[in-house]
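Remarks on the structure that follows.
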Amino acid sequence: MNELKYPHLFAPIRLGKTMFRNRLFGSPTGFQDLTSEGFPPAEMCAYYERKAMGGAASVAVGECIVDSKRGMGGPNHVPLDNPELVGPLTNVALAIAKYGAVPVVELQHAGMFAEESVKRGGEVFAPVEMDAPQGAVVHAEEDTGPIERIPAMPLDVIEQTIEAYGDAAAFAKFCGFGMALIHGGHGWMLSQWLSPLINTRTDEWGGSLENRMRLPLAIIENIRKKCGHHFPIEFRMSVTEANEGGYGIDEGLAIAKMLDQKVDIIHASAGNHEVRDAFVITHPSLFAPDGVNAYLAEAIKKSGVQTPVATVGAFTEPELMEEVIASGKADIVNVARGLIADPDLPLKARTGRDADITRCLRCFTCFSFLLTNQQFCCAVNPEIGQEIETKFSHPAPHIKKTVLVAGGGVGGMEAALTAAGRGHHVILCEKTGRLGGALRCEEKVPFKKALDDYLNLQEKRVKESAIDLRLNTAVTPELAKDIAPDVIIAALGAKALKPPIPGIDGPHVKSAEDVYVNPELAGDKVIILGAGFVGTELGIYLKGLGKEVEIIEMLPGINDAGNVLHGLAVDVKLREEGIPAHFSTRAIEITPNGVIGEKDGAKTIFDADTVIYAVGQIPLWDEAESLNDCAPEFHIIGDALAPKNIREATKGGYFTALNIGRV
């Protein structure tokens, strides 16, 4: 037998009377597209099942509410207090367990953010009477309007809440779940009770740390009573609240010591996702290093706690996971987005194929799309959100075809790989000397390393496949007719939009792509036109190179193109770096010395050595359309169809190629 490359990561761990096959656990992620009763549909089973198939030791089902009358923060949370849920929830547990992973249920209660409970005629409570939290639009019945004050939770409701946690855990255990994860962090109910900023009660349930810990410890005891002492319990906590007035790491360590030997895992997280700037601490953005919060688990371990400690946050590299466990910084690594980007990450790492892992970009596409459209997806994994369709092997193509893919960017590479994997003869032509498309211009950007690694991986896959790769080859109608393919997939991309502003052709005016490739083109003082991600990320990059940067944007805020959470991360980073962004401002003229902007009729002169435009893309429609009659079957994907993102390009390439030869 070959020696494992990562022996510590893939060492089993026993918790209670349950054996977990390795130390790589699937963190809770909450499926949103439930039935109207809050029941898990087949798509939810397939989503969690896919992670189990990939080799994770456990798969946690997120956002399961212990008390739907008082604890539901959103309409798409699983109500564990509904006994009719038994069948659908059992299906989820069985789907996970049959692949050898332990199904885990996340026990959650929104506390003072239980807006959905109130909408449904229930109640909302805080540790103490307080104003409704800013940003939490808690509505009562329509005739009474929004709630302005939230009452303190009375003693009888505290006792009922303790019982609700135990009942929910017992119900989940009955349905086949093998561990309960109590969510005690990130701004939800238990973290509200743990926070000295919020829980200022003067009775036995608040004030001192001992009193603030009384509720979590009572809940743990109730679960033990109803599920048995050998049923594993994981407690997720924020080791530091990471917001003003909240507790810091010293008190977090004290909390961990009070949990020691009372739970089976102390899950060391951080932050509060109900506080804007702390959100990107809880959910690290691409600007943070890998494993950014591992130091918190390490601090707990060094404090003498004997309970196994899990770390979480921005883990993509098996080598780093191995080092964290081997060095004793943590006993377990929890991964959420990394298993969305590649559910087979554990299996690939265990079998020594970690070079083939598709790394998470930390682009927030998954989380943002879940919030805005209630569906999971991934920029680099087209299977996510389509697990039922891809669950079983597709039958071999009815007819093997010659497929010409024009363009070697993200969509083109995915289309070529998928078609070749289905047995078609694939010719991939790229007009430049390198695969990767326009995104290659960002390869020098430090915080885009994960993107560059992904492009390199896809390029490697293409070169190692049976694909006929032709670089420095533009697909013209003449070439296409000479090849005479059965199918053409046009993945030609787009070009930068050059805005019609007086002075745009000045020698000191550059496109964002040009400056990404050659940052030396930018002077010491830069104005960027456009606050989409191309412009804002370029500004952050140039600021890191010592440039003075300002951004002008016509819209009232960052143009996040639907990726609201990465927009949040960028906004936080701009402010951290001191990069001014002038919103609702239109550039009306570019002068030799800068830009004249206009806002509300008032003009402002912005001095600059260099002006960079990043105002959008124009699809190469003409080039694509010229290939329309060069093959019996023709498809346009990615930016050549309309300005897209990585997710849309990947999915377009994958499913277009998957459908070739079906009939």
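The values are calculated or read from the model by the stated rules, or taken from the named source; none is laboratory data. Small disclaimer: the values here were computed from a predicted structure and weren't measured. Neighbour counts are summed over all protein chains in view; Cβ atoms, including those assigned to glycine, are modelled from backbone coordinates with ideal geometry.
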Quiz item: Among the residues of region 327-340, is there at least one that is in the same structural domain as LYS301 (by TED's automatic domain parsing), modelled with pLDDT under 90 and at negative phi?
Solution: no
Quiz item: Of these, GLU520, GLU478, which one is on the phi < 0 side of the Ramachandran plot, of a type in the set (D, E, K, R) and outside the structural domain of GLU577 (by TED's automatic domain parsing)?
Solution: GLU478
Quiz prompt | Listing of helices (runs of 4 or more DSSP H) fully contained in region 170-238 that carry 1 or more residues being closer than 23 Å to LEU80 by Cα and aromatic (Phe, Trp, Tyr) | solution = 189-194
Quiz item: Which of the helices (runs of 4 or more DSSP H) contained wholly in region 358-437 include at least 3 residues that are modelled with pLDDT under 90 and of a type outside the set (A, V, I, L, M)?
Solution: 365-373, 387-391
Quiz item: How many residues are part of a loop (DSSP other than H, G, I, E, B), crowded, with 19+ Cβ neighbours inside 10 Å and without any contact (Cβ under 8 Å) to a residue 60 or more places away in the chain when one looks only at region 485-534?
Solution: 1
Quiz item: Within region 291-315, can you find the residues that are surrounded by 23 or more Cβ atoms within 10 Å (Cβ to Cβ) and either farther than 20 Å from GLU251 by Cβ or without any contact (Cβ under 8 Å) to a residue 12 or more places away in the chain (or both)?
Solution: GLY291, ALA314, PHE315
Quiz item: Is it the case that region 550-564 has a residue that's surrounded by 13 or more Cβ atoms within 10 Å (Cβ to Cβ), in contact with a Pro (Cβ under 6 Å, 6 or more places away or on another chain), in contact (Cβ under 8 Å) with a residue 40 or more places away in the chain and closer than 30 Å to ALA379 by Cα?
Solution: yes
Practice problem: Tell me, yes or no, whether region 171-190 has at least one residue that is surrounded by fewer than 24 Cβ atoms within 10 Å (Cβ to Cβ), over 29 Å from the mean Cα position of the chain (by Cα) and either over 26 Å from GLU115 (Cα atoms) or in contact (Cβ under 8 Å) with a residue 40 or more places away in the chain (or both). | Solution: yes
Quiz item: Among the residues of region 330-344 satisfying the criterion of being out of contact with any strand residue (DSSP E or B) (no Cβ under 7 Å at 6 or more places or on another chain) and either assigned to a strand (DSSP E or B) or not small (Gly, Ala, Ser) (or both), which is surrounded by the fewest Cβ atoms within 10 Å (Cβ to Cβ)?
Solution: ASP344
Quiz item: If only one of PHE369, PHE364 is crowded, with 21+ Cβ neighbours inside 10 Å, aromatic (Phe, Trp, Tyr) and touching a His at 6+ places or on another chain (Cβ under 8 Å), which one is it?
Solution: PHE364
Quiz item: Looking only at residues in region 98-154 that are surrounded by fewer than 20 Cβ atoms within 10 Å (Cβ to Cβ) and part of a strand (DSSP E or B), which one is modelled with the highest pLDDT?
Solution: ALA152
Exercise. Consider PHE31 carefully, then state whether it is assigned to a loop (DSSP other than H, G, I, E, B) and either in the same structural domain as ALA114 (by TED's automatic domain parsing) or over 28 Å from LEU320 (Cα atoms) (or both).
Key: yes
Self-check item: Residues of region 1-38 satisfying the condition of being surrounded by fewer than 18 Cβ atoms within 10 Å (Cβ to Cβ) and modelled with pLDDT of 85 or more
Solution: LYS5, PRO7, HIS8, ALA11, PRO12, ARG14, GLY16, LYS17, THR18, MET19
Quiz item: ILE612 is checked against (1) modelled with pLDDT under 95; (2) part of a strand (DSSP E or B); (3) touching a helix residue (DSSP H, G or I) at 6+ places or on another chain (Cβ under 6 Å) and fails just one. What number does that condition carry?
Solution: (1)
Quiz item: Which of the residues spanning region 416-465 are over 14 Å from ARG359 (Cβ atoms) and hydroxyl-bearing (Ser, Thr, Tyr)?
Solution: THR418, THR432, SER465
